[in-house]
Amino acid sequence: MGGGRYRWLHRIEALDPVRDHHEIYRISVGYEFPFDYQRALELALFRTYCVPSISALLDATGEFRLRAQQRYDDTALLMAEMAEHGYDSPRGKQALRVINRVHGRYPISNDDMLYVLSTFVYEPIEWLDRFGWRRLHEHERLAAFHYYRAVGARMGVRDVPDDFDAFWDFKREYERATFRYAPTNQRIGTYTLGLFSSWYPAPLRRAARLGVLALLPAELRAAFGFPAAPRWMSGVVNGGLRTRAAVVRLLPPRTASRLTHAPHNRTYPGYPQGYQPADLGPPPPPPDHDPK
């Protein structure tokens, strides 16, 4: 595999961020930064729970209280299917149908949908600026924007800005206008903290919880009603992630995509063998279910 450590970056530089946005995004997520995108998108979902209208809906469904791991796995795998195969591929279309079917059950405002979409574009950019083994190339930033504009159009999200900076401005302004403490924020945030902690052996779960808190900025902690992590934990987490980046920078380029290789998903063992994206997602609610 020629090109050394920056082999994939050279490929990205040769592609057009508008025309080739899916190919660039697939390389970034699957080959260059699989760990970082996963962590950044976890924090992106955390941010969305700071909007009370979003957390209230999630709390009303009961899914995070009863099946947090499955909801996490569904989201990760459906997004990975689209990123790996393309949103207009047979598997990508299946994934979109599942997403649209689930969202269609609930009264979600267009602004909330637009905000969630924006976090998928910009949270990884900010994470990788801090913790990536390299910063994203301009083509990668623009490709993520165009990729999620296309996904949003297929989800029926209206009024997605057609400018990278305008969409980022929308995200910041929406957070300023909507982030505030609510009991439902705290409940959904607590379920999610419990989920992340559950991935570690019992003696390490408190440290894992503190590690997540160390990554949450003050405005998120305030919206959840969470305490700050000890200063020493923030130093450990930030130092550990930067050390990891320095080590990864020395490794050879990845030769196989990590997108749909999900050995740690706990809900669908062996995925994707024997599964289709249409098999994912929660079952239909009972006829008398009212999410409001």
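Laboratory data are not the source of any read-out in this text; all were calculated from the coordinates shown. This one's a predicted model, so the numbers in the text were calculated from it and none came from an experiment. Every residue, glycine as well, gets a Cβ built from its backbone with ideal geometry; the counts of neighbours run over all protein chains shown.
How much length would be gained if the chain were fully extended between residue 35 and residue 198, taking 0.36 nm per residue of separation minus their Cα-Cα distance, in nm to one decimal?
Numbers: separation 163, 0.36 × 163 = 58.68 nm, distance 1.85 nm.
Full-extension gain reported as 56.8 nm.
Taking only C-alpha pairs under 8 Å that are 6+ residues apart, what is the relative contact order of segment 137-230 in percent?
On the way: 51 pairs, mean separation 22.9, N = 94.
Rounded, it is 24 percent for segment 137-230.
Within the chain, which whole H helices from DSSP have a Cα span along their axis of at least 30 Å and a mean Kyte-Doolittle hydropathy of -0.5 or more, if any? Write down the numbers at each step before the final one.
Values: long enough: 63-85 (31 Å, -0.78); 110-131 (32 Å, -0.01).
Span-like helices in the chain: 110-131.
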(message) Below 8 Å, C-alpha to C-alpha, sequence gap of six or more: please give me the relative contact order for the chain in percent.
(response) 33
(request) Going by C-beta contacts inside 10 Å, put 32, 23 in order with the fewest on the left. (result) 23, 32
(message) Tell me the mean residue ellipticity at 222 nm calculated for the chain from its helices only (DSSP H runs of n ≥ 4, each -39500 (n - 2.57), averaged over every residue, nearest 500).
(response) -20000 deg cm²/dmol
(request) Using only the Cα atoms of the chain, build the gyration tensor, take square roots of its eigenvalues as a ≥ b ≥ c, and label the shape rounded, prolate or oblate: rounded if a/c is under 1.5, else prolate if a/b is larger than b/c, else oblate. (result) rounded
(message) Let me make sure I get this right: for segment 8-179, a, b and c are the square roots of the gyration tensor eigenvalues over alpha carbons, sorted descending. Under 1.5 in a/c it's rounded, otherwise prolate if a/b > b/c, else oblate. Which is it?
(response) prolate
(message) Suppose the chain between residue 14 and residue 247 were pulled fully straight at 0.36 nm per residue; how much longer would it get relative to their current alpha carbon spacing?
(response) 81.2 nm
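On full extension of the chain, what length is gained from residue 206 through residue 232, given 0.36 nm per residue of separation minus the C-alpha to C-alpha distance? Show your work: numbers first, answer last.
Working: separation 26, 0.36 × 26 = 9.36 nm, distance 1.44 nm.
The span from residue 206 to residue 232 would gain 7.9 nm if fully extended.
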